[in-house]
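> Supplied in structure tokens, the structure appears directly below.
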Amino acid sequence: MSQEKDVLILAIESSCDETAAAVVKNGREVLSNVISSQIALHTLYGGVVPEIASRKHIEKINQVIQAALDEAGVTLQDITAVGVTYGPGLVGALLVGVAEAKAIAYAAKKPLIGVHHIEGHIAANFIEHEDLEPPFFSLVVSGGHTHLVRVKDYGKFDIIGKTRDDAAGEAFDKVARAIGLGYPGGPKIDKVAKEGNPDAITFPRAHVEDAPYDFSFSGLKSAVLNYINGCQMKGESYSQADVAASFQKAVTDVLVANAMHAVEEYQVDQFAIAGGVASNSSLRQAMKEACEERGVKFYYPSPVYCTDNAAMIGVAAYYEYRNGVRSGWDLNAVPNLKLGER
């Protein structure tokens, strides 16, 4: 690489409720990673309100991009290309980032690269793990997705399994609301579960017939709600911590079981987790132990790179840039974009 000119990617991420920009050098080095979160705003409503998210992105995006350039000590002229999340996500939120990226790329005469949000999550593992290179397997667990992915090469993926209904993160949010923890559910359940007994209540572990790598969490979510309703109807109290711990263990057991089934079946020697739920301490620990037992190298990003951020989009954009991918000025937001589609 030393002979070549450094590749600097300005990356923009606005798929949900974080307005983020970053500058990434040569795909592995993060020069800046600025995130403006709207959590406090959406907590009032118990979840993300798309209309509010879009408006906030419009207010914040120029400031966030300028801060990312300043922090990296570069100007738009130094940038090699502009990368942006164009799906999946909330359509209004995505449009803000895509329009901004197109305007900057056009004005600065730089190539534009549309990035898949899930590809970004997987690529987050490259930031802190210099030794990690494809092929490997990755479990992506977030508020909107639960995917078991075979990473064949940079930018080349096979989805081996995915959720049939709720994503794991969505189940966390709904259960957290039901037991009175509020939004965002993931971190709150993780914290409360530490005080509870994970074996106090037996919740179901769903396995999808004829699809051993697929996930289903809606039955588990219903079982938790039924348990709470049952207690309330009988006038009995229940332990918030025990429900949180038992629910979390049920989710973790299924994620680990399906992932390890794939590891054994495909004879995988490297496994990475990614996405917001990948920062869950119980899931990290269980995955780590399961991988160690099988002699598989286990990777996970720091929590700041698990939740939505632009650094991971910059990493993915760098490898797409190297693969010759360029987006046209007709790049549009695709809210239900499938991984591997262009």
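The values are calculated or read from the model by the stated rules, or taken from the named source; none is laboratory data. The structure displayed is predicted, hence computed values, not measured ones. Neighbour counts run over all protein chains shown; Cβ positions are idealised from the backbone, glycine included.
> Return the residues of region 246-288 that are of a type in the set (Lys, Arg) and surrounded by fewer than 22 Cβ atoms within 10 Å (Cβ to Cβ); say none if nothing qualifies.
Within region 246-288, 284, 288 meet the criteria.
> Which of the residues that make up region 319-337 are surrounded by 13 or more Cβ atoms within 10 Å (Cβ to Cβ) and without any contact (Cβ under 8 Å) to a residue 60 or more places away in the chain?
If the condition is that a residue be surrounded by 13 or more Cβ atoms within 10 Å (Cβ to Cβ) and without any contact (Cβ under 8 Å) to a residue 60 or more places away in the chain, then no residue fits.
> Tell me, which residue of region 283-318 that is among the β-branched types (Val, Ile, Thr) and either in contact (Cβ under 8 Å) with a residue 60 or more places away in the chain or in a helix (DSSP H, G or I) (or both) is nearest to residue 18 (Cα to Cα)?
307
> Scan region 10-27 and report the pairs whose first residue is within 10 Å of residue 307 (Cβ to Cβ) and whose second residue is of a type outside the set (Gly, Ala, Ser) and assigned to a strand (DSSP E or B), with Cβ atoms within less than 6 Å and a gap of 6+ or a chain change.
18/35; 20/13; 20/35
> Among (1) among the aliphatic types (A, V, I, L, M); (2) buried (at least 24 other Cβ atoms within 10 Å of the Cβ); (3) at pLDDT below 95, there is one condition residue 139 misses while meeting the rest; what is its number?
Only one criterion in (1) among the aliphatic types (A, V, I, L, M); (2) buried (at least 24 other Cβ atoms within 10 Å of the Cβ); (3) at pLDDT below 95 is unmet by residue 139, namely (3).
> May I pose another question? With the requirement that a residue be surrounded by fewer than 24 Cβ atoms within 10 Å (Cβ to Cβ) and in contact with an Asp or Glu (Cβ under 9 Å, 6 or more places away or on another chain), what does region 301-317 give you?
302
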